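Enquirer: Okay, handing you the structure first.
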Amino acid sequence: MGQSDPPPAAVGRRVVSVGFAAPRLVALFELDEEPLEEGQFLLDTLYSGVSAGTELTQFRGSNPYLHGRWDERLKLFLPAADGDGTSQAFPLRVTGYMEVGRVVATRSPQVREGQTVCMAYGHKSGHRADARRSHFVVLPADVDPVLGTYVAQMGPICANGILHADAEALGGHVSRLGEGLRGQRVAVFGAGVVGLLTALLAQWAGAAEVAVVDRAADRLAVAARLGLRAVSTADGDPAVVLKEDWASGERGADVAFQCSGSDVLLQHALDALRPQGTVIDMGFYQEGAPRVRFGETFHHNGLRHICAQIRRVPRRLATTWDRQRLSGETIAFLRDRGPQVRAHLITRVAPFAAAQGVFDALDGGEAGLLQAVLYP
């Protein structure tokens, strides 16, 4: 840019995004951004994390938004009708929600140039944000920027699961995250990124014991290295294993977190609970849950099954907790456990140009691949 050229903030700019041209086909798209207006700021992306669960549904073409229409008024998915198409369609020019960038221009008093900011805006090389309407978090200087990919969305997703367990135990008065898990026996089903982060959050909060249940040996090995108990479904019924060991008082887990899209693991989670225990569910069941047997332990042990979704904190806590507070708790957690997360969960960092290979590896279940992070 020459000395007389206006800055990009004044004239707009072009950014590159990672998206999907068709099922299983990654593409790089160019997007034009408008000049900054009052109250807005401009980011250059440092890192963008891949949410394997959500993004693989788009990569594979199985996401419900690609096959139906979300009716915001009714809060229902409806069949695509004549003249009323699906909510999403290929090409998907932007995907992802785990971004961290550096402020390069600002017209907002809420951010300063040079600050590192965590947001959810997709795999783009840059972003124009409105500070008055967007959820964003300024990352403290003592937190590794690559860990900032967890602060705006993924960390709050896991923290919101913990908060739902708190609300079950304590009602409408939760003063700190994980307060309701202190001294409790916790079982986490699914050893992907969501499961391992949730398990670490429960351990950090003061749970008496935390077990992680999965079939994948490589992921269970990571859980063990993180100081969590690893239980393999390949070695027998995990509910029997946990209930034989957790025998003081009522046998079983006090709380179970279901962090996968597997209905088999959901059934194991229900079976592993003590009577009147609760499953907090963060799973995304693309193929439904036909293998869950609600006529068995769910009915006979009087269990509860609760969905924890990031758009909704527990209703009874809505006046005191929100995503901003959950992001703050994520930062507190990362200040303490961030080195463990960086060493064991973030297993691939690759440029946008290598995104096809990253998604192919995730789709194929490549051993040892947990959290992938992209950069422009």
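Enquirer: Would you tally the net charge around Val186, using a Cβ to Cβ cut-off of less than 11 Å, leaving Val186 out, and scoring K and R as +1, D and E as -1?
Expert: Numbers: positive: Arg182, Arg185, Arg229; negative: Glu209, Asp254.
Residues close to Val186 contribute a combined charge of +1.
Enquirer: Turning to a different aspect of this structure: Could you give me the ³J(HN,Hα) list for the stretch 116-122, computed from phi with Karplus coefficients 6.51, -1.76, 1.60 and θ = phi - 60°, whole Hz, x at Gly and Pro?
Expert: Ordered by residue, 3J(HN,Hα) equals 9, 10, 9, 8, 10, 9, x Hz.
Enquirer: For the stretch 16-141, build the convex hull from the C-alpha positions and give me its volume per residue in Å³. Present the calculation step by step, with values, prior to reporting the outcome.
Expert: On the way: hull volume 17.3 nm³, N = 126.
For the stretch 16-141, the hull spanned by Cα atoms encloses 137 Å³ per residue.
Enquirer: Now, a different point. State the antiparallel share, in %, of DSSP beta bridges confined to the stretch 72-224, rounding to the nearest 5. Kindly include the intermediate steps, with their values, before the conclusion.
Expert: Numbers: 7 of 12 bridges.
Roughly 60 percent of the DSSP beta bridges within the stretch 72-224 come out antiparallel.
Enquirer: Apply 1/(1 + (r/R0)^6) to the Cβ-Cβ distance of Val264 and Arg182, taking R0 = 30 Å, and write down the FRET efficiency to the nearest 0.05.
Expert: Numbers: r = 30 Å, r/R0 = 1.01.
The computed FRET efficiency comes out at 0.50.
Enquirer: Kindly list the residues of the stretch 342-376 that lie in the label zone of Glu33, defined by a backbone N under 15 Å from the point 7 Å along the Cα-to-C-beta vector.
Expert: 376, by backbone N distance to the label point.
Enquirer: Same structure again: Using a 7 Å offset from the Cα along the Cα-to-Cβ direction at both Asp322 and Ala343, what is the distance between the two label points in nm, to one decimal?
Expert: 3.7
Enquirer: Summing Lys, Arg as +1 and Asp, Glu as -1, what charge do residues with Cβ under 15 Å from the Cβ of Glu244 carry, Glu244 excluded?
Expert: Details: positive: Arg185, Arg229, Lys243, Arg251, Arg274; negative: Glu209, Asp235, Asp237, Asp245, Glu250, Asp271.
That sum, taken over residues with Cβ under 15 Å, equals -1.
Enquirer: Let's see if you can work this out: charge +1 on each Lys and Arg Cβ, -1 on each Asp and Glu Cβ, no other charges. What is the dipole magnitude of the stretch 227-303 about its Cα centre, in debye to the nearest 20? Display every interim value, and only then the final one.
Expert: On the way: 6 positive and 11 negative charges, 17 e Å.
Dipole size: approximately 80 debye.
Enquirer: Between the stretch 204-254 and the stretch 153-171, what is the separation of their alpha carbon centroids in Å?
Expert: About 20 Å separates the Cα centre of the stretch 204-254 from the one of the stretch 153-171.
Enquirer: Considering the Cα trace of the stretch 108-163, what is its radius of gyration and what is Dmax, both in angstroms?
Expert: For the stretch 108-163, the Cα radius of gyration and maximum Cα-Cα distance read 12.0, 34 Å.
Enquirer: Can you give the Kirkwood hydrodynamic radius for the chain, in Å, rounded to one decimal and based on Cα pairs?
Expert: Numbers: mean 1/r = 0.0460 Å⁻¹.
Hydrodynamic radius (Kirkwood, Cα only) of the chain equals 21.8 Å.
Enquirer: Rounded to the nearest whole Å³, what is the per residue volume of the convex hull around the Cα atoms of the stretch 186-319? Working shown, then result.
Expert: Numbers: hull volume 16.4 nm³, N = 134.
It comes to 122 Å³ per residue, whole-number rounded.
Enquirer: A further question follows. Can you give me the C-alpha center-to-center distance between the stretch 325-376 and the stretch 55-128, rounded to a whole angstrom?
Expert: 19
Enquirer: Over the stretch 242-376, average the accessible area per residue using a 1.4 Å probe and give it in Å², no decimals. Write out the running numbers ahead of the final one.
Expert: On the way: 6480 Å² over 135 residues.
Here the per-residue accessible area is 48 Å².
Enquirer: Counting heavy atoms of the protein chains only and a 1.4 Å probe, report the per residue accessible area for the stretch 38-137 as a whole number of Å².
Expert: It amounts to 46 Å² per residue over the stretch 38-137.
Enquirer: What do you reckon, how do His67, His305, His123, His344 stack up by accessible area (1.4 Å probe), largest on top?
Expert: On the way: His67 120, His305 75, His123 0, His344 50 Å².
Per-residue accessible area, sorted high to low, gives His67, His305, His344, His123.
Enquirer: Quick one: dipole size for the chain, taken about the Cα centre, charges +1 on Lys/Arg Cβ and -1 on Asp/Glu Cβ, in debye to the nearest 20.
Expert: Values: 38 positive and 41 negative charges, 106 e Å.
Roughly 500 debye for the chain.
Enquirer: Residue-wise, which Karplus ³J(HN,Hα) couplings in Hz belong to the stretch 32-45, taking 6.51 cos²θ - 1.76 cosθ + 1.60, θ = phi - 60°, and x for glycine or proline?
Expert: Here the 3J(HN,Hα) series is 9, 10, 6, x, 5, 10, 4, x, 10, 9, 10, 10, 9, 6 Hz.
Enquirer: What number, rounded to the nearest 500 deg cm²/dmol, is the helix-based mean residue ellipticity at 222 nm of the chain, given -39500 (n - 2.57) per DSSP H run of at least four residues and division by all its residues?
Expert: My calculation for the chain gives -8000 deg cm²/dmol from helical runs alone.
Enquirer: Could you give the nm distance between label points at Leu25 and Arg335, where each point is 7 Å from its Cα heading toward the beta carbon?
Expert: 4.8
Enquirer: Further question: Say the dipole of the chain comes from +1 at the beta carbon of Lys and Arg and -1 at that of Asp and Glu; which of Pro275, Val16, Ser232 then lies farthest toward its positive end?
Expert: With unit charges placed on the Cβ atoms, the residue in question is Pro275.
Enquirer: Another question about this same structure. Determine the share of the chain's accessible area contributed by carbon and sulfur atoms, expressed in whole percent, with a 1.4 angstrom probe.
Expert: Numbers: 8240 of 16660 Å².
C and S atoms contribute 49 percent here.
Enquirer: Right, another one. How far is it, in nm, from the label point at Asp237 to the one at Phe284 when both lie 7 Å from their Cα along the line to the Cβ?
Expert: Each label point is offset 7 Å from its Cα along the Cβ direction, giving 3.2 nm.
Enquirer: Continuing with this model, one more query. Express the relative contact order of the stretch 159-258 as a whole percentage, based on alpha carbon pairs under 8 Å and six or more residues apart in sequence.
Expert: Working: 175 pairs, mean separation 26.9, N = 100.
It rounds to 27 percent for the stretch 159-258.
Enquirer: For Thr95, which sequence-distant residues (separation of 5 or more, or a different chain) have an amide H within less than 5 Å of its own amide H, given hydrogens modelled in the peptide plane?
Expert: Val18, His123
Enquirer: Considering the chain as a Gaussian network with a 10 Å cut-off on Cα pairs, which listed residue, Pro238, Pro314, Pro339, attains the greatest mean-square fluctuation?
Expert: Of Pro238, Pro314, Pro339, the Gaussian network model singles out Pro339 as fluctuating most.
Enquirer: With charges set only on the Cβ (+1 for Lys and Arg, -1 for Asp and Glu), what does the dipole of the stretch 173-263 come to about its Cα centre, in debye to the nearest 20?
Expert: 280
Enquirer: Count the net charge of all other residues whose Cβ sits under 14 Å from the Cβ of Ala308, scoring Lys and Arg as +1 and Asp and Glu as -1. Mind dumping the intermediate values first?
Expert: Values: positive: Arg304, Arg311, Arg312, Arg315, Arg316, Arg323; negative: Asp166, Glu168, Asp281.
With Lys, Arg at +1 and Asp, Glu at -1, the neighbours total +3.
The values are calculated or read from the model by the stated rules, or taken from the named source; none is laboratory data. Quantities reported herein were computed from a predicted structural model and do not represent experimental measurements. Using ideal geometry, Cβ is built from the backbone for each residue, glycine included, and neighbour counts are taken over all protein chains shown. Heavy atoms of the whole protein, side chains included, go into the accessibility calculation; ligands, DNA and RNA do not. Shrake-Rupley method; radii C 1.70, N 1.55, O 1.52, S 1.80 Å.
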